[in-house]
């Protein structure tokens, strides 16, 4: 692979935000230009890995300016034992990948009645 192609093929770490509310951890990642078919989510052990690929279709003619390039997105998160690995949801809307991680019932805070 030549140097120019290596620069164009570099991997990008997507910007993200993470919030917790009512037993749900919400992760949002910016992945503009990536089709949902081009995204892979994997949970292995305590790791959640997100990978995606943005393709740039061939252009006829000569570029005058070329700031958009094909490339891949990669991000990994460490999950603690409170996350229910069987209740993970993901949705891609307008270039934002939203991942919902549910907290196990046993790990949620609970009130104890005083008798």
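Report every pair of residues separated by at least 6 positions or lying on different chains whose Cβ atoms are under 6 Å apart, first residue within the range 63-76 and without any contact (Cβ under 8 Å) to a residue 40 or more places away in the chain, second assigned to a strand (DSSP E or B).
76/47; 76/49
With respect to residue 52, is the statement that it is in contact (Cβ under 8 Å) with a residue 60 or more places away in the chain and surrounded by 12 or more Cβ atoms within 10 Å (Cβ to Cβ) true?
no
So, residue 19, is that one modelled with pLDDT of 90 or more and either surrounded by 13 or more Cβ atoms within 10 Å (Cβ to Cβ) or assigned to a loop (DSSP other than H, G, I, E, B) (or both) or not?
Answer is no for this residue.
Taking the range 83-107 only, how many residues are surrounded by 15 or more Cβ atoms within 10 Å (Cβ to Cβ) and within 17 Å of residue 21 (Cβ to Cβ)?
Residues that pass the stated criteria total 7.
Residue pairs, Cβ under 8 Å, 6 or more apart or interchain, first in the range 78-91 and under 19 Å from residue 28 (Cβ atoms), second at pLDDT 90 or above and not in a strand (DSSP E or B). List them.
Between residues of the range 78-91 that are under 19 Å from residue 28 (Cβ atoms) and residues that are at pLDDT 90 or above and not in a strand (DSSP E or B), the close pairs are 78/46; 79/46.
The values are calculated or read from the model by the stated rules, or taken from the named source; none is laboratory data. These numbers were taken from a predicted model, which means no experiment stands behind them. Neighbour counts are summed over all protein chains in view; Cβ atoms, including those assigned to glycine, are modelled from backbone coordinates with ideal geometry.
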